[in-house]
Structure formats: structure tokens, C-alpha cells
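Peer 1: Before I ask anything, here is the structure I am working with.
Any read-out appearing in this document is the output of simple, stated calculations on the displayed coordinates, not a laboratory observation. Just so you know, these numbers come straight off a predicted model, no measurement behind them. Every residue, glycine among them, receives a Cβ derived from its backbone with ideal geometry; neighbour counts consider all protein chains shown.
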Amino acid sequence: MTLYGKRILIIIAGGIAAYKTLELIRRLKDDGASVRAVLTKAGREFVTPLSVSALTEDKVYAELFDLTDEAEMGHIELSRDADLVVVAPATADLLAKMAAGLADDLASTVLLATDKPVLVAPAMNVRMWEHAATRRNMATLMDDGIAVVGPNSGAMACGEFGPGRMAEPAEIRAAIGDLLAGGAKPLAGRHVLITSGPTFEPIDPVRYIANRSSGRQGHAIAAAAAALGARVTLVSGPVAIADPAGVTVVRVETAAEMLAACEAALPADAAVCAAAVADWHVLDQAAEKLKKGSNAGLPTLRFGENPDILTTIANHSSARPELVIGFAAETENVVGHAREKLARKGCDWIVANDVSPETGIMGGADNSVHLVTGEAVEDWPKLAKEEVAARLAARIAAALDAAG
Ligand SMILES: Cc1cc2nc3c(=O)[nH]c(=O)nc-3n(C[C@H](O)[C@H](O)[C@H](O)COP(=O)(O)O)c2cc1C
């Protein structure tokens, strides 16, 4: 949508990603919006008021106790004289203040005083993002109706890798457009956890046991849930496909890592376990590459059972999602096995598909699934994986809505 005539208040907090906010302001101005900016004290360490002011073509607001500002545009007026408040980058600190309702500087006071929609674009080190305190604060903010864009996964300025990178200016611009368009999205305010792809179970430092999962179905579900407004955490095994936009991607290799990442991502309103998780891992992994022709002869692999991620989430004592959905990849008696799996694992729905090689489903573009919900079984026609994902996301939204 066009932003012509829209008034956007941008709060720039103290994170490295603040430089990207300058680009965001430029884009918003190009799109016809008028932009006003508040810089936190820490934000001023990362971008200068002069740069921000040159781009907004306005003065920059920084101090709560500024008599001139209070005379011209008081903090309450500042918080209301906008169609939308955007916090970019949203630091761990400012998110914590927002969740707690603190108001000890201009940014936090404006955020507490506003009656306008608020969009946050979190940006921080991966450990800060995954910390239990930040997860609690995000859950609180989402319950409060705060909209979230990102963060994305990738290499970070601090040298680490993982979720925590601020969404790109284009993604934030798109989220602003969506919010101002006012179309209530059915999964807005919901957190959906999705697993996708295969797991790799190492044999030695260079060899591993894997499976043929491409991640296409799980990634498509993540994209579909995000399109319906959910905050999505996608825990993905190694795949060769791109990350869906606007989704927090956590990359893992083994089943044990996948479980740990899922538990770290809870609480969630819904969990969709679409990953093809290895049932077994190799015991006594070799620390060095196994050598051909060694005196020991042919190696013998011994297996240990992997944790069951779906069962663990579905029976979580403190943070079981409202809706837990598993995938069953079967090569025969697809619905029968799916029903049995539903009962055994304690999940709510099973999406069952026939992955016999002749179906071409594993790694292919289409999927033909049966949705098993308790006693009922729906046979869906053969559809593109994106279409299966869109239908499933809509069903998740309806089920969460019905549950209240
Ligand atoms: C070099 C440097 C980079 C930082 N980057 C971030 C960041 O990306 N995200 C974050 O949450 N905090 C970051 N911090 C810490 C915040 O600046 C600090 O928590 C500050 O108190 C935030 O204040 P504010 O929320 O009022 O802007 C960084 C600190 C330094 C010194």
C-alpha cells in the first residue's frame, strides 16, 4: 500500500542495526510518509541525530525532560501524533522495558503512552534473543498486541551466527504497509514453532546419516504462517532452499540439537513438526575420520535412540502449545499408521503423507496429504506444497481462534 500522508514515529534504540534504520527512513520518505524519530541515549552511540534529522527532515526527539520539546510537542502528543510507532532496532533492553511497562526515558514513555499500533523489529546477539528473559518479554509483548517483524538468521556483527539480525528495511516497510492496511491477520499475535528438513547424525567428523527430506513442506508452512501474521520460529535441519522471509530461522544438524532449539523457542501457540528427524543416532562417534583398510576391518555402527521431538512437545509439562501437529511420512497403510501415531505421541493432528518413492513427494513440489484430527480424516487432493501449507496455516488459525 502507499504510505502517502501516513505519519510514522520511529524509535531508534542502541543496537548495531541502527544504521539500517537510516535506509528504512529514506524508503518511508520516498513512499510518501512523514517520519518523526526518537533516538534513545544508546541509539545516539550508533547513529547521529544529524543523520536522522537530515533524513526525516525534522528535529530528532531524544530527551524526556526537554522544556522546549514539551512546549512544542510534548511526549504524550508525540506518542499519539502518528499512525504507527515503529521500534527499529528494538534492543533487548527496550523490549524488556516495554514488557514491564517501564517509562524512564523518552522512548519508553512514548511507547507506554501511545494508543497507536506498535511494530517492533528486534535486533540483538543470538544469545540475548534466545535468553529466557527475552523470550518471556516477547511472549508478553505479543499478548499485548505488539506486532513483530523478524529477527532474521545469519551472520551477526558480533561474529556469531543465528537468529537476531534485524529484518531488512524492505521487510520492515512491508510489515508497516500490512499494519497500516489494517487487515487483521488471523495469526497476528500468535507464535508458531515449525520444524523442517532432515537431521544429520554424524558417524565421524566427515560422514553422517541423513534422509531425503528437502524441507520444502516445512519451509512452506513457515512462510504461510508468517503471511497470516504469525511470529514464526523455524527450526531447520540442513537444507538447500532459501529461508522464508520474515521468519526466525534456527539452523541445527542433529535431532538432539533440533529438540534443544524447539524447547528454547517455547512457549508457542502452535507447533508443527514437519522435519524428518532421524530415529537413531550413531553411538561411539569416531573423533577422527574412520580409515578404510584399517586393521579393525569393516566398521560396525551401533545406534542409540534419538529423543522424540513431537512427543516431547506434545507432553511438555509447562509449555505445551495449544495445538501440536505432527507429520507422518509412511510408505504403506498411511492413515492407519497416522491414527496410531496421533494416539501414541499425544499430539492433536497428524498430517500424513505417502512418501513411497513412486509418489515423488520427498523432495518434490507437490504433496498429497491426509489430515487426521482425532477421529476425523480429511483426504486432501494432490496440491503444491505451498497450497498444502496455506490450507494448514488457515486451519491452524481457525483452531486457535476457536480455542480462544
Ligand atoms: C557495540 C555495541 C553493540 C550493541 N548492540 C546491541 C544490539 O544489537 N541489540 C541490543 O539489544 N543491544 C545491543 N547493545 C547493548 C545496548 O546498547 C544496551 O543494552 C543499551 O542499554 C540499550 O539502550 P536502549 O534500549 O535504551 O537503546 C550493544 C552495545 C554495544 C556497546
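Peer 1: Can you check what the Kirkwood hydrodynamic radius comes to for the chain, Cα pairs only, in Å to one decimal?
Peer 2: Final number for the Kirkwood radius of the chain is 22.7 Å.
Peer 1: Continuing with the same structure: Using the Karplus equation 6.51 cos²θ - 1.76 cosθ + 1.60 (θ = phi - 60°), what ³J(HN,Hα) coupling, rounded to whole Hz, does each residue of the stretch 21-30 give in order, writing x for Gly and Pro?
Peer 2: Per-residue couplings from phi come out as 5, 4, 5, 4, 4, 4, 5, 5, 5, 4 Hz.
Peer 1: Another question about this same structure. Hey, can you grab everything whose amide H is under 5 Å from the amide H of ILE10? Only 5+ residues off in sequence or another chain; H modelled, so Pro and N-termini drop out.
Peer 2: Under 5 Å from the amide H of ILE10: ARG36, ALA37, VAL38, VAL86.
Peer 1: Further, regarding this structure: Treating only the Cα positions of the stretch 259-312 as identical point scatterers, give the base-10 log of I(q)/I(0) from the Debye formula at each q in 0.14, 0.15, 0.16, 0.24 Å⁻¹.
Peer 2: For the requested q values the scattering log ratios are -0.57, -0.62, -0.66, -1.00.
Peer 1: Would you mind counting up the charge near GLY404? Only other residues with Cβ under 14 Å from its Cβ, with Lys and Arg at +1 and Asp and Glu at -1.
Peer 2: -3
Peer 1: What share of the DSSP beta bridges in the stretch 7-181 is antiparallel, in percent to the nearest 5?
Peer 2: 20 percent
Peer 1: Next question. What does DSSP give for the stretch 294-404 in terms of the percent of beta bridges that are antiparallel, rounded to the nearest 5?
Peer 2: Antiparallel bridges make up about 65 percent of those DSSP assigns within the stretch 294-404.
Peer 1: What is the sum of charges, Lys and Arg at +1 and Asp and Glu at -1, for the other residues whose Cβ falls under 12 Å from the Cβ of ALA270?
Peer 2: Net of charged neighbours comes to 0.
Peer 1: Taking R0 as 35 Å, what's the FRET efficiency between GLU77 and ALA132 from their Cβ-Cβ distance, rounded to 0.05?
Peer 2: Efficiency at R0 = 35 Å is approximately 0.40.
Peer 1: Also, I was wondering about something else. Read phi for every residue in the stretch 213-222 and hand back ³J(HN,Hα) as whole Hz from Karplus 6.51 cos²θ - 1.76 cosθ + 1.60, θ = phi - 60°, with x for Gly and Pro.
Peer 2: Once θ is set to phi - 60°, the couplings for the stretch 213-222 become 4, 9, x, 5, 5, x, 5, 5, 5, 4 Hz.
Peer 1: So, one more: Could you state the angle between the C-alpha long axis of helix 385-403 and the longest principal axis of the C-alpha atoms of the chain, as a value from 0 to 90 degrees rounded to the nearest 10?
Peer 2: Approximately 70 degrees, to the nearest 10.
Peer 1: I want the antiparallel fraction of DSSP beta bridges within the stretch 191-403, as a percent rounded to 5.
Peer 2: If I count the DSSP bridges inside the stretch 191-403, around 40 percent turn out antiparallel.
Peer 1: So what is the 222 nm mean residue ellipticity for the chain from helices alone, if each DSSP H run of at least 4 adds -39500 (n - 2.57) and you divide by all residues, rounding to the nearest 500 deg cm²/dmol?
Peer 2: -10000 deg cm²/dmol
Peer 1: Of the options LEU102, ILE146, ALA365, report the single residue whose Cα projects farthest towards the positive end of the charge dipole of the chain (beta-carbon charges: Lys, Arg +1; Asp, Glu -1).
Peer 2: The Cα lying farthest towards the positive end belongs to ALA365.
Peer 1: Moving to a separate point now. About the Cα centre, and with charges only on the beta carbon of Lys, Arg (+1) and Asp, Glu (-1), how big is the dipole of the chain? Nearest 20 debye, please.
Peer 2: That gives the chain a dipole magnitude of about 620 debye.
Peer 1: Then there is this: Let's see if you can work this out: charge +1 on each Lys and Arg Cβ, -1 on each Asp and Glu Cβ, no other charges. What is the dipole magnitude of the stretch 191-403 about its Cα centre, in debye to the nearest 20?
Peer 2: Magnitude of the dipole: close to 440 debye.
Peer 1: Now a separate question. Within 12 Å, Cβ to Cβ, of PRO202, how many net charges do the neighbouring residues add up to if Lys/Arg are +1 and Asp/Glu are -1?
Peer 2: Neighbourhood net charge equals -3.
Peer 1: According to the square roots a ≥ b ≥ c of the eigenvalues of the Cα gyration tensor, what is the shape class of the stretch 233-283, taking rounded for a/c under 1.5, prolate for a/b larger than b/c otherwise, and oblate for the remainder?
Peer 2: In terms of gyration-tensor shape, oblate.
Peer 1: Quick check: from the Cα gyration tensor, does the stretch 1-98 come out rounded (a/c under 1.5), prolate or oblate?
Peer 2: Cα axes put the stretch 1-98 in the rounded bin.
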